[in-house]
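The values are calculated or read from the model by the stated rules, or taken from the named source; none is laboratory data. Fair warning: this is a prediction, and the values are worked out from it, not measured in the lab. With ideal geometry, Cβ positions are generated from the backbone for all residues, glycine too; neighbour counts draw on all protein chains shown. The protein model used for the area step is the full one, side chains on, heavy atoms only, and it has no ligands, DNA or RNA in it. Shrake-Rupley method; radii C 1.70, N 1.55, O 1.52, S 1.80 Å.
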Amino acid sequence: MGLLGEFGELLLPRRCAGCGRENVSLCTSCLQLLGGIPRAMEPRYGSIPVVGVCEYNSRISRMVVGFKDEGRRDIRDPLALALARSLVAALDLIGYAGGRIRLFPSPSSDRARSRRGGSHTVSLARRAAELAPDLSVEVHDVLLARRSRDQVGLGAHDRAENAARTQYLDRTGLAAAVGDETSGSCGKVAADLLVDDFSTTGATLAESARLLASVQIRPAAGVVLGLGRGGTRFVSPFTV
Ligand SMILES: [Zn+2]
């Protein structure tokens, strides 16, 4: 964040990042949204389940936009904690019984990374890992995007096409992720998971899974904050 942004944060009255209510970072109602019971869904695209803590709606969308584009660092922890809860639920869903966990955050374009000072999905995944200290979680920032993967306003088919066109793998970072596994020094990888802010049709996660499968990494589930309704089927509501 630039100097102006930091001053702005000090001078402007705080508003709820989800609904705009004054004098609070997140109001009780929006915090409850993030504290929802994790659910798994089977998205239209891809073959892995996706776990999130709430239904995708305008409030969760505003929270994520606030965090990634408007300097709302104050809500990083609540978002990351919600992501950590999704992560624990996803591990439960896939029958995790201990061992190393590798998270692969969804890509942001180079332009978005430089504008935001990094990838917001990587930032949230890293903080979620810190908030789950009992788990052996690694975050591998190897999924990249050629340009904006902004899916807003696109239909389901166009989203899948857009996702397929924009993603690629960072081969150098990937060598480190795979090298860790083959060296045997850090224990066996027990779970590979994808991470994103939202999943509606599953197109972005499906393309990430396809790319990683090409290098013998097969994510067992996706971990997100908000789940879309359209074209999806809830497969396993459960509590954690
Ligand atoms: Zn609110």
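Only one of the listed residues (G95, G36) is open to solvent by 10 Å² or more (accessible area, probe 1.4 Å), within 17 Å of G228 (Cα to Cα) and not in a helix (DSSP H, G or I). That residue is G36.
Would you confirm whether or not the stretch 61-68 contains a residue that is touching a strand residue (DSSP E or B) at 6+ places or on another chain (Cβ under 8 Å) and crowded, with 19+ Cβ neighbours inside 10 Å? So far as the stretch 61-68 goes, yes, one or more of its residues are touching a strand residue (DSSP E or B) at 6+ places or on another chain (Cβ under 8 Å) and crowded, with 19+ Cβ neighbours inside 10 Å. Filtering the stretch 208-223 to residues that are part of a loop (DSSP other than H, G, I, E, B) and either among the aliphatic types (A, V, I, L, M) or touching a strand residue (DSSP E or B) at 6+ places or on another chain (Cβ under 6 Å) (or both) leaves V215, I217, P219, A220. Applying a threshold of 7 Å to beta carbon distances and a minimum spacing of six or more residues, or different chains, the list of pairs starting in the stretch 75-96 at a residue that is farther than 10 Å from V51 by Cα and ending at one that is assigned to a helix (DSSP H, G or I) and open to solvent by 60 Å² or more (accessible area, probe 1.4 Å) reads P78/L31. Taking first residues from the stretch 21-40 that are without any contact (Cβ under 8 Å) to a residue 60 or more places away in the chain and partners that are of a type in the set (D, E) and in a helix (DSSP H, G or I), the Cβ contacts under 7 Å between residues at least 6 apart in sequence or on separate chains come to S25/D74.
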